[in-house]
1. What pairs come up if the first residue lies in region 145-167 and is over 22 Å from residue 119 (Cβ atoms) and surrounded by fewer than 13 Cβ atoms within 10 Å (Cβ to Cβ), the second is among the hydroxyl-bearing types (Ser, Thr, Tyr) and modelled with pLDDT of 95 or more, and their beta carbons are under 9 Å apart, counting only those six or more places apart or on different chains?
2. In the set 156, 128, 162, which member is of a type in the set (A, V, I, L, M) and at pLDDT 95 or above?
3. Of 108, 65, which residue is exposed (fewer than 13 other Cβ atoms within 10 Å of the Cβ) and out of contact with any helix residue (DSSP H, G or I) (no Cβ under 9 Å at 6 or more places or on another chain)?
4. Scanning for something touching a helix residue (DSSP H, G or I) at 6+ places or on another chain (Cβ under 6 Å) and farther than 21 Å from residue 76 by Cβ, does region 12-30 turn up at least one residue?
5. Go through the residues of region 77-85 one by one and say whether even a single one is farther than 27 Å from residue 159 by Cα and either among the basic types (Lys, Arg) or open to solvent by less than 20 Å² (accessible area, probe 1.4 Å) (or both).
6. Right, residue 88: within 21 Å of residue 162 (Cβ to Cβ), buried (at least 16 other Cβ atoms within 10 Å of the Cβ) and free of Cβ contacts under 8 Å to residues at least 60 places away in the same chain or not?
Amino acid sequence: MTVYTVHDSPLGELLLTGEESAGVLTLTSLSLPGQPNAPAVGPGVRRDDGAFAEVTRRLDAYFAGRLTRFELPLAASGTEFRRRVWQALDEIPYGTTTTYGALAERLGVPRAEIRALGAAVGANPLLLVRPCHRVIGADGSMRGYAGGVERKVRLLMHEGALQPTLV
């Protein structure tokens with residue numbers, strides 16, 4: 001059964017969706033307010049805050065600085081290529097960043113297919129939990145982020161991978 005909840009966070013109200021079976025929740029998406037192409041809650045999907053208790057507890061711990069890695073049952077809905085890219089995202093350590101080029105090299109993706117890799121990163125349905133925000137441009141620039149570049153910067157500062165700048 002498909003279920004959802006909403007959860008307040010420093011980034012705004014998060015929309016979480018998942019599949020619940022035999023009392024076990026598999027998280028299928030986590031989206032941010034204003035996110036393009038974010039999943040919508042449709043008919044037949046019921047709100048079940050209790051099913052997401054462990055997920056929201058871990059999100060709160062992450063934002064409080066007490067959790068650096070999410071270990072939750074996640075759905076791997078996507079092409080084989082996307083699943084490979086998403087698995088590589090899961091391996092980027094907290095407090096660090098990598099580039100699209102380095103990610104491509106690690107996965108053996110030819111330079112001519114880096115756009116496809118970027119598209120797979122951008123199609124990640126599990127923002128925060130699967131840390132696509134840790135992928136940056138080769139020049140250190142903040143390339144796109146489905147939740148918005150400002151939120152990407154906030155997440156990287158929260159994790160200590162990016163230092164705040166004085167204005």
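1. 160/94
2. It is 156.
3. Values: 65 fails: out of contact with any helix residue (DSSP H, G or I) (no Cβ under 9 Å at 6 or more places or on another chain).
The unique qualifying residue is 108.
4. Taking every residue of region 12-30 in turn, none turns out to be touching a helix residue (DSSP H, G or I) at 6+ places or on another chain (Cβ under 6 Å) and farther than 21 Å from residue 76 by Cβ.
5. No, the conditions are met nowhere in region 77-85.
6. yes
The values are calculated or read from the model by the stated rules, or taken from the named source; none is laboratory data. Because the structure is a prediction, the values reported are computed rather than measured. Every residue, glycine as well, gets a Cβ built from its backbone with ideal geometry; the counts of neighbours run over all protein chains shown. Just the protein is used for accessible areas: all its heavy atoms, side chains included, with ligands, DNA and RNA removed. Shrake-Rupley method; radii C 1.70, N 1.55, O 1.52, S 1.80 Å.
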